[in-house]
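Asks: Below is one structure. I have some questions about it.
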Amino acid sequence: EGSERLADLIAAPLGLDPSAITLGSDIETAYRDLFAPGEGYVVYAGTGSVAAYIDAAGTLHRAGGRGVTLDDGGGGFWIAREALRHVWRGEDERPGSWQDSPMAKALFERIGGTDWSFTRQYVYGGDRGDIGRLALAVAESADRDPVARRILEDAGRELARLGRAMIQRYGAKPVTLSGRASTLHPLIAETTRASLPGECPFALRPCHGHHAAARLALAAATA
């Protein structure tokens with residue numbers, strides 16, 4: 001029923017019959033931009049994280065993508081949460097320790113202050129996208145802060161876990177890592193590659209899902 005309403009909302013301003021509207025997921029269009037069906041696996045890291053595989057029959061298979069409350073390891077939200085957790089646990093044990101951490105300084109600069117009230121308002125008063133953008137501060141400080149480096153390496157291992165899940169289920173195939181969070185720092189892709197089976201080709205590539213959506217629409221219109 002929800003899909004029907006969405007199709008109606010899209011079709012009406014375009015003067016189309018709702019039956020002319022095809023709805024799909026963003027990860028499906030991302031996959032079709034990077035691979036042909038059956039060709040390989042996509043691991044996508046944005047605010048969250050998910051892996052996708054479309055088999056030769058056109059069926060979409062997923063791993064991860066459970067949302068930031070449950071998991072989404074390696075995504076921007078996860079990176080930011082790990083960083084904030086480390087900083088505030090440090091403050092529990094040694095108040096003022098943030099002053100020795102380039103990562104904490106970068107985080108607090110984006111949040112707007114060093115007092116817990118600023119972090120509380122930013123985290124619980126904002127949305128997950130706002131929190132995910134704090135991953136930029138982690139990446140910016142990685143060359144000066146060993147904790148930031150470790151978090152980014154852990155993010156790469158989390159993303160590789162999604163790729164290995166697909167390999168375990170459907171066999172060895174090329175793995176492509178994509179999404180903005182995957183390019184925050186070279187450590188993420190380097191650690192992802194190192195954590196995948198050596199026989200599986202690996203690439204870091206940008207995704208243009210809107211191109212794939214346009215190709216799908218053209219194919220449907222000319223069929």
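Asks: Among the residues of the stretch 76-88, is there at least one that is closer than 25 Å to ARG205 by Cβ and not hydrophobic (A, V, I, L, M, F, W, C)?
Replies: The first filter runs over the stretch 76-88 and keeps only residues closer than 25 Å to ARG205 by Cβ, leaving 76-80.
Then drop every residue that is not not hydrophobic (A, V, I, L, M, F, W, C), which leaves 76.
Checking the stretch 76-88: at least one residue is closer than 25 Å to ARG205 by Cβ and not hydrophobic (A, V, I, L, M, F, W, C).
Asks: Just checking, how many residues over the stretch 84-137 are within 19 Å of SER49 (Cβ to Cβ) and in contact with a Gly (Cβ under 9 Å, 6 or more places away or on another chain)?
Replies: Count: 8.
Asks: If you scan the stretch 206-223, which residues turn out to be surrounded by fewer than 17 Cβ atoms within 10 Å (Cβ to Cβ) and either at pLDDT 95 or above or not in a loop (DSSP other than H, G, I, E, B) (or both)?
Replies: Pass one, the stretch 206-223, residues surrounded by fewer than 17 Cβ atoms within 10 Å (Cβ to Cβ): 206, 208, 210-211, 214-223.
Across the stretch 206-223, the qualifying residues are HIS210, HIS211, ALA214, ARG215, LEU216, ALA217, LEU218, ALA219, ALA220, ALA221, THR222.
Asks: Taking only the stretch 124-136 into account, find how many residues are part of a helix (DSSP H, G or I) and buried (at least 16 other Cβ atoms within 10 Å of the Cβ).
Replies: Quick first cut of the stretch 124-136, residues part of a helix (DSSP H, G or I) only: 124-125, 128-132, 135-136.
With buried (at least 16 other Cβ atoms within 10 Å of the Cβ) added as a condition, the list becomes 128, 130-132, 135-136.
Count: 6.
Asks: Quickly run through the stretch 137-174 and pick out the residues that are among the small types (Gly, Ala, Ser) and either in contact with a strand residue (DSSP E or B) (Cβ under 7 Å, 6 or more places away or on another chain) or not in a helix (DSSP H, G or I) (or both). So that I can check it myself, show each step before the final result.
Replies: As a first pass, look at the stretch 137-174 and keep what is among the small types (Gly, Ala, Ser): 137, 139, 141-142, 148, 155-156, 160, 163, 165, 171-172.
Residues satisfying the conditions are ALA142, GLY163, ALA165, GLY171, ALA172.
Asks: Residues of the stretch 100-123 being within 26 Å of ALA189 (Cα to Cα) and either loosely packed, with under 13 Cβ neighbours inside 10 Å or in contact with a helix residue (DSSP H, G or I) (Cβ under 6 Å, 6 or more places away or on another chain) (or both), which ones?
Replies: Listed by number, the residues that qualify are PRO102, MET103, ALA104, ALA106, LEU107, ARG110.
Asks: I'd like the full set of residues that are more than 29 Å from ASP55 (Cα to Cα) and not in a helix (DSSP H, G or I), limited to the stretch 175-190. Outline the logic, then answer.
Replies: Here is the first cut: in the stretch 175-190, the ones more than 29 Å from ASP55 (Cα to Cα) are 184-187.
If the condition is that a residue be more than 29 Å from ASP55 (Cα to Cα) and not in a helix (DSSP H, G or I), then LEU184, HIS185 are the ones that fit.
Asks: Has the stretch 72-88 got at least one residue that is in contact with a strand residue (DSSP E or B) (Cβ under 9 Å, 6 or more places away or on another chain), more than 26 Å from TRP116 (Cβ to Cβ), modelled with pLDDT of 90 or more and surrounded by 15 or more Cβ atoms within 10 Å (Cβ to Cβ)?
Replies: Checked the stretch 72-88: at least one residue is in contact with a strand residue (DSSP E or B) (Cβ under 9 Å, 6 or more places away or on another chain), more than 26 Å from TRP116 (Cβ to Cβ), modelled with pLDDT of 90 or more and surrounded by 15 or more Cβ atoms within 10 Å (Cβ to Cβ).
The values are calculated or read from the model by the stated rules, or taken from the named source; none is laboratory data. Keep in mind it's a predicted model, so treat the numbers as computed, not measured. Methodologically, a virtual Cβ is constructed for each residue, glycine included, from the backbone with ideal geometry; neighbour enumeration extends over all protein chains shown.
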